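The values are calculated or read from the model by the stated rules, or taken from the named source; none is laboratory data. Source: prediction; values computed, not measured. All Cβ positions, even for glycine, are placed from backbone atoms using ideal geometry, and neighbour counts span all protein chains on display.
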Amino acid sequence: MSRAPGIMATIPANRSFVVRCGTTMISGLGLNLMSPILPIYARTFGVSLASVGLLISGLGLARIFTNLPAGHLGDRVGSRPVLVLSCLVIAVSALGAGWTNDFSQLLLFRILQGVGSALQNTTAFAALAKMK
């Protein structure tokens, strides 16, 4: 009686797969780790909790409107350049969000993080789907 292959046997054993999964995981963690401390930002900037809700919804809305163009861009120029661009956008916007002293700038940086997240996730998942 033979055993069915385990989950590790079904995962492609190549570097590209591991890198794409790793960058997607790190990007997701980085974007979502900020959510629990958003009420602290509200007190720091002297805005209401409802205004802080814009920080979460701004990221989500940016992803919604960027997902389709990101997929098209990934198909057109290839996944690697788009993934590099997405990591740069996320890193720059995260640094900006951490150093800003103005709520409207923080909101802008969170929207940019949403754009980077859409570029990253859409392109990485499309590339993973194409792997054999």
Sort through Val92, Val47, Val52 and tell me the only one that's free of Cβ contacts under 8 Å to residues at least 24 places away in the same chain, surrounded by 15 or more Cβ atoms within 10 Å (Cβ to Cβ) and either among the basic types (Lys, Arg) or out of contact with any Ser or Thr (no Cβ under 7 Å at 6 or more places or on another chain) (or both). Val52
Helices (runs of 4 or more DSSP H) wholly in region 36-132 with at least 2 residues that are at pLDDT 90 or above - which ones? 49-77, 79-99, 103-130
Anything in region 18-35 that is in a helix (DSSP H, G or I) and of a type in the set (A, V, I, L, M, F, W, C)? List them, or say none. Val18, Val19, Cys21, Met25, Ile26, Leu29, Leu31
Which ones in region 95-132 are closer than 17 Å to Thr44 by Cβ and either basic (Lys, Arg) or in contact (Cβ under 8 Å) with a residue 40 or more places away in the chain (or both)? Ala97, Asp102, Phe103, Leu106, Leu107, Arg110
Gly78 meets each of (1) under 20 Å from Met131 (Cβ atoms); (2) surrounded by 13 or more Cβ atoms within 10 Å (Cβ to Cβ) with one exception, condition (2)
